[in-house]
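Asker: Got a structure for you, questions after.
The values are calculated or read from the model by the stated rules, or taken from the named source; none is laboratory data. Since this is a predicted model, take the numbers as computed values, not measurements. Virtual Cβ from ideal backbone geometry, glycine too; neighbours counted across all protein chains shown.
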Amino acid sequence: MSRAERKKDHINYALTNSVEQSNSFDDVHFVHNSLPETSVSNIDVSVMIGELPLSSPIIINAMTGGGGTETEVINGRLAAAAKNTGVAMAVGSQMAALKDSDEKSTYQTVRNHNKEGIIFSNLGSELTINQAEQAVEMLQADALQIHLNVIQELVMPEGDRDFQGALDRIIAVADAIDVPVIVKEVGFGLSRDAVKKLTNSGIQVVDTGGNGGTNFSSIENERRTAPFRFFDEWGISTVSSIVESVQETSSLSVIGSGGVRNGSDIAKAIALGADAAGMAGNVLAAVQQGGQKGAEQFLERCLEELKMIMAAVGAENIFELKKAPIVVTGSTREWLTERGID
Ligand code: FNR
């Protein structure tokens, strides 16, 4: 199967892979505040991710590119929606364009639709410094996401089996390029231990990519002709991954992602200690159902919901929302207790 066909498969299977399911965010509850003393009109949702100023804490996470016209159209629509709502956007892995320059336009459409916006490049941890530089240059990107997808590779019959040297390559790239590096998972969740290795190596931004939304194990398994369910239940939930990630150092910026469904989940991610939230599968569903307008309306609704929750809990900015009182229950609470986190 060609790379382009695989990209299209991922999009189609991601759409049928229910991302609106219940997940660890259902274990997080805000403590109601009857006297918030705030006004929705005073809410400021701007935030810094590492050194990058974002006007909103919502990020359209890495999905596509490199699948010909179909992915170019999706990326163009997402980029226009990102521009009109002021949210940052990542493209999918640019390896396809580094291997076949005809595919470059499927990514560059994102910059063409959003000249001034915040755009993230994306490559896997097999990258070289030269590839990282080309990927950033291709989009005039503001940051480079490096994804870690061990489980997805293991589940794919043709996937990688050797995961040595990833951290060294990440460090080398982060030292060499002039934009910040964001290290991200793709749905299996960063652990405290992984985050510690990254922060000790100078990485300043991570994206949790936790379990609870798009599940690349089920997607890859469903693509196989013979039924195979290995690794479908694997991974750290997004809420646990956020809490594990923020244990390490307060100077680390954390993007909470994996199954983020709405403004309430975004608010919860931030109250758990994240600085921003990334959404992939649910934005894909919105753009595939309603085109650019559909994606825009979905993002606007998320922003509106986030602002309403901030007003309800008395948080006028993201820094205050991070301190809003929450209660964590259920299996997420058990996980955190077992891991020795209060
Ligand atoms: C992805 N994701 C992804 N991530 C990445 O770093 N590089 C990539 O090329 C892709 N490709 C991709 C394609 C499709 C169709 C989807 C839905 C997702 C993973 C994505 O960025 C995110 O980490 C996970 O999907 C978890 O977030 P959601 O979907 O649960 O919000």
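Asker: Inspect all residues belonging to segment 212-221 and state whether any of them is among the acidic types (Asp, Glu) and more than 19 Å from ALA62 (Cα to Cα).
Answerer: No, every residue in segment 212-221 fails to be among the acidic types (Asp, Glu) and more than 19 Å from ALA62 (Cα to Cα).
Asker: Out of ASN130, ASN112, report the one residue that is of a type in the set (S, T, N, Q), touching a Ser or Thr at 6+ places or on another chain (Cβ under 9 Å), surrounded by fewer than 22 Cβ atoms within 10 Å (Cβ to Cβ) and at pLDDT 95 or above.
Answerer: ASN112
Asker: Looking at this structure, is THR249 away from the ligand (no atom under 16 Å from the Cβ) and under 17 Å from ALA194 (Cβ atoms)?
Answerer: So THR249 fits the description; yes.
Asker: Of the conditions (1) among the aromatic types (Phe, Trp, Tyr); (2) under 16 Å from the mean Cα position of the chain (by Cα); (3) near the ligand (Cβ under 9 Å from one of its atoms), PHE25 fails just one. Which one is it?
Answerer: So PHE25 meets the others, but not (3).
Asker: Same structure, new question: Using beta carbons and a limit of 9 Å, which pairs, at least six apart or on different chains, have the first residue in segment 210-224 and among the basic types (Lys, Arg) and the second one modelled with pLDDT under 95 and within 12 Å of the ligand (Cβ to nearest atom)?
Answerer: As it stands, the answer is ARG223/ARG6; ARG223/ASP9; ARG223/HIS10; ARG223/TYR13, since those pairs meet every condition given.
Asker: In this structure, does ALA311 turn out to be under 17 Å from the mean Cα position of the chain (by Cα) and small (Gly, Ala, Ser)?
Answerer: no
Asker: Now for a different question. Would you check if VAL328 is more than 21 Å from MET63 (Cβ to Cβ), at pLDDT 95 or above and touching a strand residue (DSSP E or B) at 6+ places or on another chain (Cβ under 7 Å)?
Answerer: It is true that VAL328 is more than 21 Å from MET63 (Cβ to Cβ), at pLDDT 95 or above and touching a strand residue (DSSP E or B) at 6+ places or on another chain (Cβ under 7 Å).
Asker: Continuing with this model, one more query. Can you tell me which residue is farthest from the ligand (Cβ to nearest atom) among those in segment 69-123 that are under 19 Å from MET1 (Cα atoms), of a type outside the set (D, E, K, R) and part of a loop (DSSP other than H, G, I, E, B)?
Answerer: GLN94
Asker: Sort out which residues of segment 128-157 are under 19 Å from GLU103 (Cβ atoms), among the acidic types (Asp, Glu) and outside any helix (DSSP H, G or I), and write them in order of number.
Answerer: none
Each row is one residue, and each column tells you yes or no for (1) surrounded by fewer than 24 Cβ atoms within 10 Å (Cβ to Cβ); (2) touching a residue at least 40 places away in the same chain (Cβ under 8 Å); (3) under 19 Å from ILE219 (Cβ atoms).
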{"residue": "SER24", "(1), (2), (3)": "no, yes, no"}
{"residue": "VAL45", "(1), (2), (3)": "yes, yes, no"}
{"residue": "MET48", "(1), (2), (3)": "yes, yes, no"}
{"residue": "PRO53", "(1), (2), (3)": "yes, no, no"}
{"residue": "GLY92", "(1), (2), (3)": "no, yes, yes"}
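Asker: With in a loop (DSSP other than H, G, I, E, B) and within 15 Å of the ligand (Cβ to nearest atom) as the only criterion, which of GLY202, GLY209 stands out?
Answerer: Numbers: GLY202 fails: within 15 Å of the ligand (Cβ to nearest atom).
After applying the criteria, what remains is GLY209.
Asker: Take the residues in segment 273-294 that are under 16 Å from the mean Cα position of the chain (by Cα) and more than 16 Å from the ligand (Cβ to nearest atom), then tell me which one is farthest from GLU244 (Cα to Cα).
Answerer: ASP275
Asker: On to the next question. Of everything in segment 222-246 that's within 15 Å of the ligand (Cβ to nearest atom) and of a type in the set (Asp, Glu), which residue is farthest from the chain's Cα centre (by Cα)?
Answerer: Across segment 222-246, the extreme among qualifying residues is GLU222.
Asker: Search segment 170-197 for residues that are in a strand (DSSP E or B) and within 13 Å of the ligand (Cβ to nearest atom) and pair each with any residue that is at pLDDT 95 or above and of a type in the set (S, T, N, Q) when their beta-carbon atoms are under 6 Å apart and the residues are at least 6 apart or on different chains.
Answerer: From segment 170-197, the pairs are ILE182/GLN145; LYS184/GLN145.
Asker: Can you list residue pairs whose Cβ atoms sit under 8 Å apart, with the first residue in segment 299-328 being among the polar types (S, T, N, Q) and the second being surrounded by fewer than 19 Cβ atoms within 10 Å (Cβ to Cβ)? Count only pairs 6 or more apart in sequence or on different chains.
Answerer: ASN317/ASP44; ASN317/SER46
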